[in-house]
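Q: Sending over a structure as structure tokens; questions will come in a sec.
The numbers here are math on the coordinates, done by the rules we state, and not lab data. Note that the structure is a prediction, hence the values are computed from the model and not measured. Note: ideal-geometry Cβ built from the backbone for every residue, glycine included; neighbour counts use all protein chains shown.
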Amino acid sequence: MRTIANELETFIDLHLQNLRSVPTDEMKSKPSPSKWSKKEIMGHLIDSAENNIRRFVVAQYEDSPYIVYNQDKWVTIANYQEWEDAAIIDLWYLLNKQACRILENTSPENGERQCLTQELHTLEWLATDYVKHLRHHVHQVLGLEPVPYP
């Protein structure tokens, strides 16, 4: 779990300044009315961090907790489109720092504990998938080479 935490921390530290430098008009622009803006994608990553932090914690003391969320409703209800860019990026960064600390302190044995999302997965699998998901969306926001994500 420590290796995953280090990978996550390296990634967020590497891209923090790049995210802060995306112009506001580019962050707020929506490709279409039904698609998320870059600002909303970052908001989605905040929601993802919150839900995964919950998974990483709760699954260490409950047996196979069921933790899911409706990503579209979370983005809509939080209204990230109207947030200040800096607030979104700062919250994203701090939540991911918290996830790093939790993963660093998760024992290998607890990494094998399971959580039910759409399917039953170990915490180690969920943490690895979380980093892939994060990479996919941050690359989207920054216009970097696409990172495939299922």
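Q: Size of the dipole of segment 1-130 about the Cα centre, Lys and Arg at +1 and Asp and Glu at -1 on the beta carbon, nothing else charged, in debye to 20? Display every interim value, and only then the final one.
A: Values: 13 positive and 21 negative charges, 56 e Å.
Using only the charged Cβ atoms, the result is roughly 260 debye.
Q: Helix 85-104 versus the longest principal axis of the chain: what angle, 0 to 90°, nearest 10, using Cα atoms?
A: Tilt of helix 85-104: around 10 degrees.
Q: Measure up 97/132; 28/132; 28/73 against 22 Å on the Cα-Cα distance and list the ones that go over. Before the final figure, lay out the partial values.
A: Working: 97/132 16 Å; 28/132 24 Å; 28/73 18 Å.
Pairs exceeding 22 Å: 28/132.
Q: Tell me the angle of helix 38-58 to the major Cα principal axis of the chain, expressed in degrees between 0 and 90 and rounded to the nearest ten.
A: Helix 38-58 sits at roughly 10 degrees to that axis.
Q: Answer rounded, prolate or oblate for segment 49-150, using the Cα gyration tensor with square roots of eigenvalues a ≥ b ≥ c: rounded when a/c is under 1.5, else prolate when a/b is larger than b/c, else oblate. Walk me through the numbers on the way to the answer.
A: Values: a/c = 1.74, a/b = 1.60, b/c = 1.08.
Taking the square roots of the gyration eigenvalues as a ≥ b ≥ c, segment 49-150 is prolate.
Q: Next up: Among 76, 51, 102, whose Cα sits farthest toward the positive end of the charge dipole of segment 33-150 (+1 at Cβ of Lys/Arg, -1 at Cβ of Asp/Glu, about the Cα centre)?
A: 76
Q: Now, a different point. How far is the Cα center of segment 65-122 from the Cα center of segment 1-61, in Å?
A: What the calculation gives is 9 Å, centre to centre.
Q: Rounded, prolate or oblate, given the Cα gyration tensor of segment 65-124, with a/c below 1.5 counting as rounded?
A: Details: a/c = 5.24, a/b = 1.53, b/c = 3.43.
Judged from the Cα gyration tensor, segment 65-124 comes out oblate (a/c at least 1.5, b/c at or above a/b).
Q: If you don't mind, another one. Does segment 13-86 classify as rounded, prolate or oblate by the C-alpha gyration tensor (a ≥ b ≥ c root eigenvalues; a/c under 1.5 gives rounded; else a/b over b/c gives prolate, otherwise oblate)?
A: Values: a/c = 3.40, a/b = 1.74, b/c = 1.96.
Oblate is the answer for segment 13-86, as a/c is 1.5 or above yet b/c matches or exceeds a/b.
Q: Comparing 119, 104, 40, which has the greatest mean-square fluctuation in the GNM of the chain with Cα pairs linked when under 10 Å apart?
A: Per the Cα network of the chain with a 10 Å cutoff, 119 tops the list.
Q: Taking only Cα atoms, what is the 0 to 90° angle, nearest 10, from helix 123-142's long axis to the longest principal axis of the chain?
A: So the helix axis and the longest Cα principal axis differ by about 10 degrees.
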